1. Sorted from largest to smallest, which semi-axis lengths in Å does the alpha carbon gyration tensor of the stretch 15-115 give for its equivalent ellipsoid, taking the root of 5 times each eigenvalue?
2. How long are the semi-axes of the ellipsoid equivalent to the chain, from square roots of 5 times the Cα gyration tensor eigenvalues, in whole Å, largest first?
3. What aspartates and glutamates does LYS47 reach when the alpha-carbon gap must be under 20 Å and sequence neighbours fewer than 8 apart in one chain are set aside?
4. Which of the trypsin sites (Lys or Arg not before Pro) found in the stretch 110-217 are loop residues per DSSP with 13 or fewer other Cβ atoms within 10 Å of their Cβ?
5. Between the stretch 19-74 and the stretch 169-212, what's the alpha-carbon centroid distance in Å?
6. Taking the simple approach of a point 7 Å from Cα along Cα-to-Cβ for both PHE215 and GLU119, what is their distance in nm?
7. Starting from the Cα-Cα distance between GLU166 and ALA145, subtract it from 0.36 nm times their residue separation and give me the gain in nm to one decimal.
8. Take GLU156 and GLN206, extend 7 Å from each Cα along the Cα→Cβ direction, and tell me the distance between the two endpoints in nm.
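Coordinate-derived values only; no laboratory data. Model, not experiment: these values are computed from the prediction. As a convention, Cβ positions derive from the backbone with ideal geometry for all residues, glycine included, and neighbour counts pool all protein chains shown.
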Amino acid sequence: MRVVLVGPPGAGKGTQAQFIASHLSIPKISTGDIFRANVSGGTELGKLAKEYMDRGDLVPDEVTVAMVRDRLSEDDAQEGFLLDGFPRNVPQAEVLKKMLAEFGTGLDVVLNLVVEDDEVVRRLAGRRTCRSCGKVWHVVFDPPAVEGVCDACGGELFQRDDDREETIRRRLEVYQEQTAPLISFYADEGILQGVDATGPVEEITQRAMSALRRFAD
Ligand code: ADP
Ligand code: ADP
C-alpha cells in the first residue's frame, strides 16, 4: 500500500507511522527524520535544512522533493511505503502525484490524524527524542522508566530545538497556512480518511488500521 500520514505537528504521526508501517510491512519514510539525520551528520543538505527547521519554516520544495524522489526510487519502496511529513503543501502533493504516475502508480490512501490545538501543544512541549535510536517519548504521556534515558536503547533523550515555544507557534501557523489545504486536496481525490488521534496510542493505531482496510481492496 502507498499511504500518506498528515496532521498538525505533534499529532502523533511519527508515533503511529512506526506501528502502521510495521503492521503493513512497508518502509516508513519521514522527511523530518531524514532532515534531522543530515543535520546531525553535518551534510550540505543538513546545513541548508537546519536554517529553515530552526525557524519552524518549511525547507524549500525543490530540496525536499529531490530528497523524496531519491528515497522513493530505492528498492524497498517499490511495493509500498508510508510517508510521514510529506507532502506538506499542495505543490509537494502535486509533484508527488506526477512522480508516482511516472512510476506507473499512485497513492492508495491519506490518513488525516485529527487532534485539537491545545492537545497538540501539550504533546509537542513534552516531546523528547532519543539521540541514538530516534524513538520519541513524552515526559508525561509516555515517560521512560529513567528520566532522560531511552528505554529502548539506553540513549540520551533531548528536546528538539524546534519544540521550543516560539518555534512551536510558528510551526502551527505554517501548518494552518500551507499544510491544512492538503485535506481538501486529498478529499477531492477521494482518498482522504480522517482518524480521531486522541486517546491511547494503541487505540489510534487500531482506528488507523480499520480506515486502511476500507481502502485495501
Ligand atoms: P508528530 O510526528 O505528528 O509531530 P509525534 O509522534 O512525534 O508527532 O508525537 C508528539 C508527542 O506526542 C510525542 O512526545 C509523543 O510521545 C506524544 N504522543 C503521541 N501519541 C500520543 C497519544 N496518543 N497520546 C498522548 N501523547 C502522544
Ligand atoms: P513535526 O511532525 O513535529 O512537525 P517533522 O519532523 O515532520 O516535525 O518536521 C520537522 C521540520 O522539518 C519541519 O518543521 C520542516 O522545517 C522540515 N520538514 C519536514 N518535512 C518537510 C517537508 N515535506 N517539506 C518541507 N520541510 C519539511
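1. Output for the stretch 15-115: semi-axes of 22, 16, 14 Å.
2. Listed largest to smallest, the semi-axes of the chain are 25, 21, 18 Å.
3. Those aspartates and glutamates meeting the cut-off are ASP33, ASP57, ASP61, GLU62, ASP70, ASP161, ASP162, ASP163.
4. Listed in order of number, the matching sites are ARG131, ARG214.
5. If you average the Cα positions of each part, the centres end up 19 Å apart.
6. 2.1 nm
7. Extra length available between GLU166 and ALA145 comes to 4.6 nm.
8. 4.0 nm
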